[in-house]
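Some notes on the structure that comes next.
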Amino acid sequence: MSSKTRIGIIICDRYRTCAGGKCFRAMREREGAFSAYKDTDIELVGYTTCEGCPGGNVEHTGEEMVKNGVQVIHLATGLVVGYPPCPFIGTFKDYLESRYGVKVIVGTHPIPTKYLDMHTCLGSWEDVLWEPFLEPIMVDRATRDSYD
């Protein structure tokens with residue numbers, strides 16, 4: 001591994017009691033959105049919630065994360081797979097990138113198959129605006145199944 005990237009993760013407040021198991025597994029295994037770091041050491045320097053709709057903590061947590069050396073903030077997969085998916089995810093990404101000059105990636109762990117199946121049925125991600133958000137966390141069926 002050639003370099004180290006300091007990351008932060010913001011999760012949906014609906015999952016505020018989440019222990020982060022899927023995110024941390026994906027980070028360790030370099031799966032989902034963390035596949036971008038295959039040849040890079042990662043250091044987690046921040047993990048928090050958005051504080052619930054409409055995401056009041058996003059305004060402040062970016063500053064704290066950047067003070068702690070964050071180079072990339074991941075908006076957790078839970079913001080994408082929750083019911084309904086986060087309607088503010090694009091705004092969060094744009095705000096954090098513009099305000100703090102930090103790269104923001106939507107997603108952490110791969111989308112579990114059960115969520116993909118239900119959101120496909122519901123048509124949750126039919127709008128083309130979801131395509132770039134889904135790309136880093138849409139993986140092969142076997143990997144998706146392993147995250148169910």
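Annotations
- Diffusion coefficient, µm² s⁻¹, Stokes-Einstein with Kirkwood Rh over alpha-carbon pairs of the chain at 25 °C and 0.890 mPa s: 161 µm²/s
- Within straight-line cross-link reach of residue 38, lysines at Cα separation under 16 Å, skipping those fewer than 8 residues along the same chain: 4
- For the chain, with +1 on Lys and Arg beta carbons and -1 on Asp and Glu, the positive-most of 102, 26, 53 along the dipole: 26
- Cα Rg, Dmax, region 1-59, angstrom units: 12.8, 39
- Fraction of C-alpha pairs exceeding 14 angstrom in region 53-108: 51 percent, rounded to a whole number.
- Around residue 61: net Lys/Arg minus Asp/Glu count, Cβ-Cβ under 12 Å: -3
- Cβ-defined net charge surrounding residue 105, 12 Å radius [Lys, Arg +1; Asp, Glu -1]: 0
- Charged-residue dipole, Cβ positions (Lys, Arg, Asp, Glu), the chain about Cα centre, Debye nearest 20: 400 debye
- Normalised per residue, the accessible area of the chain is 51 Å², obtained with a 1.4 Å probe and no contribution from ligands, DNA or RNA.
- Per-residue HN-Hα couplings for region 37-49 [Karplus 6.51, -1.76, 1.60; θ = phi - 60°; Hz; x = Gly/Pro]: 10, 3, 10, 9, 6, 10, 10, 7, 10, x, 8, 7, 9
- Contour minus Cα-Cα distance for residue 40 and residue 131 (0.36 nm per residue): 30.2 nm
- Among the trypsin sites (Lys or Arg not before Pro) in region 8-70, those located in a DSSP loop and surrounded by at most 10 other Cβ atoms within 10 Å of their own Cβ are 38.
- Taking amide hydrogens as placed 1.01 Å from N in the peptide plane, the amide H of residue 105 sits under 5 Å from those of 73, 74, 75, each at least 5 positions away in sequence or on another chain.
- Relative contact order %, region 1-117, counting alpha carbon pairs below 8 Å whose residues are six or more apart: 35 percent
- Amide hydrogen neighbours beyond the local backbone of residue 46, cut-off 5 Å, H modeled: 9
- Mean-square fluctuations from a GNM of the chain, with a 10 angstrom spring cutoff on Cα atoms, peak among 128, 106, 80 at 128.
The values are calculated or read from the model by the stated rules, or taken from the named source; none is laboratory data. All of these numbers come straight from a predicted model, not from anything done at the bench. Don't worry about glycine lacking a Cβ; one is built from the backbone with ideal geometry, like all the others, and counts go over all protein chains shown. Protein only, heavy atoms only, side chains kept; ligands, DNA and RNA dropped before computing areas. Shrake-Rupley method; radii C 1.70, N 1.55, O 1.52, S 1.80 Å.
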